[in-house]
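Everything on this sheet refers to the single structure shown next.
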Amino acid sequence: MRFCIDYRRLNAITIKDAFPLPRIDEIFDQLSDATYYTKFDFKSGYFQVPLSKEDRPKTAFSTRDNHYQSTVLPQGITNGPATFQRTAPNLVRIDLKCEHASIIGKNIRSFA
């Protein structure tokens, strides 16, 4: 079961993370001369990133039966994409200076 949480109030007061996401034109430039392409998808990508203990209460929500808080990066928070993009290389030990691999969102692309 996956809960759908409305994080708009949290997102409104969150300091935005300026970590750069890959630009599509740069990605196409990288891929333009390649013959072979491979794509790997992180299984439940955001759920591979632990949430710090001090940030967990910020994600808390209640149902009529219980009270919950996230222990991993939840979907729908403002800084989720930037946090995942920053953390993903550590999850798979990829050197982003490698010219034949890139992480875009929750996908790893390799090409030759």
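Between the helical axis of 80-92 and the longest alpha-carbon principal axis of the chain there is an angle of about 60 degrees.
Annotation for the range 9-112: GluC sites (Glu not before Pro) lying in DSSP loop with at most 12 further Cβ atoms inside 10 Å of their Cβ are GLU54, GLU99.
Add -39500 (n - 2.57) for each DSSP H run of 4 or more in the chain, then divide by its residues: what number comes out at 222 nm, to the nearest 500 deg cm²/dmol?
On the way: 3 runs with 27 residues, N = 112.
The helix-only estimate for the chain comes to -7000 deg cm²/dmol at 222 nm.
Note: relative contact order over the chain, using C-alpha pairs below 8 Å and six or more positions apart, is 36 percent.
Every read-out reported here was derived from the displayed coordinates using simple, explicitly stated rules and does not represent laboratory data. As the structure is a prediction and not an experimental result, all values here were calculated from the model. Don't worry about glycine lacking a Cβ; one is built from the backbone with ideal geometry, like all the others, and counts go over all protein chains shown.
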